[in-house]
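First the structure, in the form of structure tokens, and then the observations on it.
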Amino acid sequence: MTKRKIAVLCTGLAHNIILSILEGMKEASFELGVDLYIFNCYTYTEFSGYPNNTGFSIYRLINYQDFDGVIILADLINNLRVLEKERQRILAAKIPAVSINYKLEGIRFLRVDTYSAFYEIINHLIKEHGVKDLVFYSGRETSFENTERYKAFRQALKDNQIELTQDKIWSIKNGRYNNAYEFALEKFSTIERMPGAIVCANDFIALGTLKAAEEKKIQVPQTLKITGCDDIHYSRSVIPSLTTVDGSLNKLGFKSVMSVINGADEDVVQIQGEAIFRESCGCETEINLNQKLSDLNELDRQSQSEEFTSQVDHLEDIFTEATDVFTLLTSLENFLKMSHKYEGSDFCIFLKSDWTSVFVNSEENLPQNLEYGSQVQSVISIMNNEKYLREMINTRDLIPSKMKSERPSTYLFMPIYNHSYVHGYFVAKNSFTLIKDRFGYTWTRKFGSSIELFRKRNMYKQMSQQFLRLSTNDALSGLLNRIGLDKLAKPFYEKNKKNGLTSILYFVDINSMKTINDKFGHLHGDLAVKTIASVISSVIPKNWLAIRYGGDEFLILGNNQNYKGEKYEEIISMTIKKKTSIMQLPYNLSASVGSYVVPPSSMMSLEEAIKQVDQIMYAKKQAFHNSEKK
């Protein structure tokens with residue numbers, strides 16, 4: 001019997017919430033014998049200010065017909081266009097589905113009711129602590145949960161006959177810690193009268209506000225009371241500990257899997273949140289173990305962050321230092337075999353089937369491409385701490401067969417891309433480590449940008465080589481020019497000496513070139529140059545260099561590595577004669593050739609050696625002209 005599979009759609013920016021929900025899902029999946037396929041991505045804003053949503057392409061990997069159910073963490077995805085597209089695909093597949101904390105038409109809705117617990121905290125501040133001046137501080141106003149918490153705030157004030165005015169509402173673009181901290185810091189510097197309490201829509205906003213209060217020397221809870229919602233682990237470890245709402249996220253994850261597999265009687269399933277009263281609202285609580293270890297927890301978190309940074313820096317260095325694709329993949333494999341704490345013990349990096357051509361693509365920017373194609377290749381595959389052979393699989397299979405097991409497993413998928421081009425995806429078995437502290441965001445972005453860095457380096461290398469060819473090659477003959485002599489021939493000559501090789505020089509000069517130009521025109525003069533150059537190129541060893549030294553003069557530089565005593569003076573002369581015999585030229589085309597050898601022990605420079613071989617050639621040229629006069 002084929003094991004059942006559930007697809008989970010999420011984004012990992014709210015990593016604490018995601019991890020809590022996933023742990024609950026994992027518990028239920030083990031109980032039911034179900035595999036979880038978690039498709040996680042991250043969005044970010046480009047330097048231009050344009051939002052990059054390419055990460056959502058990971059959902060394109062999903063063929064819903066291949067799954068027994070799907071769970072969407074819709075409130076965290078928070079992109080209506082993406083949600084609507086996936087909703088239609090899910091309904092078309094006709095499989096059980098659950099949407100968490102955001103209602104999608106035609107799909108079962110599962111939510112945590114934080115309204116009651118949030119209302120309870122506000123009422124507690126008013127009744128138990130006598131606070132009358134409260135502020136509601138929220139992030140994304142489109143969030144369903146923010147809307148529910150605002151309703152609770154508004155209702156609690158109404159029930160306690162407290163007027164709700166605009167100055168009691170603080171709102172920021174999103175509910176992240178840094179944004180909340182910066183906004184609160186500015187508010188504390190500009191407001192005329194400090195409120196008695198700030199009721200935050202989530203714990204990240206509350207923690208940012210707590211940090212800003214600490215910097216401004218505002219005592220919490222004596223002067224200002226601060227509350228949050230969601231009960232992330234930082235809320236328990238900070239001092240003062242944070243009054244908040246336990247969102248029962250673990251239960252939410254557990255219930256979502258159960259609801260997909262076993263069904264539910266109602267279309268809307270609710271889990272009740274619970275108010276947790278701690279020090280930040282003025283309640284006395286015992287110093288618990290989490291608080292005592294808060295500094296150690298922060299030290300551990302910092303240590304992990306530094307370790308992870310080192311990991312991705314090493315990966316980036318490999319891309320930077322690799323000279324070719326084979327070296328790149330070999331180095332990546334060897335490194336990840338030894339160091340993969342954050343990737344997990346079993347993972348694969350898949351790239352699209354045309355990845356080799358993409359890596360050496362010379363376009364300035366790759367065109368937009370969000371598809372994965374029909375096949376992908378596992379360019380790096382580490383399982384049980386050993387590397388496996390690279391294999392091509394059908395994209396619809398998602399993972400190689402050797403990655404599957406009889407026991408229930410979780411598979412975490414994340415896209416690898418740069419800007420708007422998707423290169424492939426990463427999949428880890430039974431590991432959520434990359435979700436922690438948004439490590440996956442950094443890892444996938446670094447990997448994608450490193451591919452682009454490697455590709456651009458190859459592109460610039462090709463351009464540089466092309467420029468070198470254009471600048472060092474003679475346009476008429478196709479041989480090296482005098483710049484090529486300096487750039488290539490001189491290093492070649494010095495390398496021969498360094499490697500203990502004898503340098504072999506030939507100097508070739510076209511006979512009667514002035515007569516050819518004067519009597520038959522410069523077109524024939526050009527033809528003579530090209531003909532001799534062609535002969536030289538055809539007879540000398542491939543690793544030797546041929547240079548157009550002057551108008552009708554050519555220099556050949558080689559070594560004794562591929563030399564068996566051939567008499568190239570004779571070979572060149574005979575080949576010229578053979579080639580011109582079928583050209584029907586109106587003149588006799590020939591050349592004088594001189595040769596000279598320089599042992600590796602010689603102190604002679606290349607210029608001096610050229611002078612010597614030129615003199616030898618000149619003597620032969622004089623002999624040729626003397627014979628012509630007879």
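The values are calculated or read from the model by the stated rules, or taken from the named source; none is laboratory data. These numbers were taken from a predicted model, which means no experiment stands behind them. Cβ coordinates were reconstructed from backbone atoms using ideal geometry, including for glycine residues, and neighbour counts include every protein chain displayed. Protein only, heavy atoms only, side chains kept; ligands, DNA and RNA dropped before computing areas. Shrake-Rupley method; radii C 1.70, N 1.55, O 1.52, S 1.80 Å.
Test Met392 against the stated conditions and say whether it is of a type outside the set (Asp, Glu), out of contact with any Asp or Glu (no Cβ under 9 Å at 6 or more places or on another chain), modelled with pLDDT of 90 or more and open to solvent by 10 Å² or more (accessible area, probe 1.4 Å). The answer is yes for Met392. Across the stretch 9-39, the qualifying residues are those that are assigned to a strand (DSSP E or B) and at pLDDT below 95, and the one among them that is surrounded by the fewest Cβ atoms within 10 Å (Cβ to Cβ) is Thr11. Out of the residues in the stretch 367-389 that are part of a loop (DSSP other than H, G, I, E, B) and under 17 Å from the mean Cα position of the chain (by Cα), which is surrounded by the fewest Cβ atoms within 10 Å (Cβ to Cβ)? Restricting to residues being part of a loop (DSSP other than H, G, I, E, B) and under 17 Å from the mean Cα position of the chain (by Cα), the top hit is Pro367.
State whether one or more residues within the stretch 391-412 are in contact with a helix residue (DSSP H, G or I) (Cβ under 9 Å, 6 or more places away or on another chain), assigned to a strand (DSSP E or B) and not β-branched (Val, Ile, Thr). Among the residues of the stretch 391-412, at least one is in contact with a helix residue (DSSP H, G or I) (Cβ under 9 Å, 6 or more places away or on another chain), assigned to a strand (DSSP E or B) and not β-branched (Val, Ile, Thr), which makes the answer yes. No other residue among Phe347, Phe359 is under 21 Å from Trp443 (Cα atoms), in contact with a strand residue (DSSP E or B) (Cβ under 7 Å, 6 or more places away or on another chain) and crowded, with 16+ Cβ neighbours inside 10 Å apart from Phe347. Among the residues of the stretch 141-150 satisfying the criterion of being farther than 13 Å from Ala117 by Cβ and of a type outside the set (Gly, Ala, Ser), which is modelled with the highest pLDDT? Only one residue tops the list, namely Tyr150. For the stretch 588-630, a residue qualifies if it is of a type in the set (Asp, Glu) and over 22 Å from Lys578 (Cα atoms), and the qualifying residues are Glu607, Glu608, Asp614. The residues of the stretch 237-260 that are of a type in the set (A, V, I, L, M, F, W, C), open to solvent by 20 Å² or more (accessible area, probe 1.4 Å) and at pLDDT 90 or above, listed by number, are Phe254, Met258. Figure legend. Inter-residue proximity from the stretch 363-384: first residues polar (S, T, N, Q), second residues open to solvent by 70 Å² or more (accessible area, probe 1.4 Å) and not in a strand (DSSP E or B), beta-carbon distance below 7 Å, spacing 6+ or different chains. Indicated pairs: Gln377/Arg390; Ser378/Arg390; Ser381/Tyr388; Ser381/Arg390.
Residues in the stretch 571-622 that are hydrophobic (A, V, I, L, M, F, W, C) and under 25 Å from His524 (Cβ atoms): Ile571, Ile572, Met574, Ile576, Ile582, Met583, Leu585, Leu589, Ala591, Val593, Met617. All conditions but one from (1) surrounded by fewer than 22 Cβ atoms within 10 Å (Cβ to Cβ); (2) in a helix (DSSP H, G or I); (3) aliphatic (A, V, I, L, M); (4) modelled with pLDDT under 95 apply to Ala117; the one that does not is (1). The set of residues from the stretch 168-194 being modelled with pLDDT under 90 and of a type in the set (Asp, Glu) comprises just one member, Glu192. Across the stretch 72-93, a minimum of one residue is classified as outside any loop (DSSP other than H, G, I, E, B), of a type in the set (Gly, Ala, Ser) and surrounded by fewer than 21 Cβ atoms within 10 Å (Cβ to Cβ). Screening Phe326 with (1) within 29 Å of Ser237 (Cβ to Cβ); (2) at pLDDT below 90; (3) among the aromatic types (Phe, Trp, Tyr) gives one miss only, at (1). Within the stretch 480-498, residues that are under 18 Å from Lys542 (Cα atoms) sit with their Cβ atoms under 9 Å from residues that are open to solvent by 80 Å² or more (accessible area, probe 1.4 Å) and small (Gly, Ala, Ser), at 6+ positions apart or across chains, in these pairs: Asn481/Ala475.
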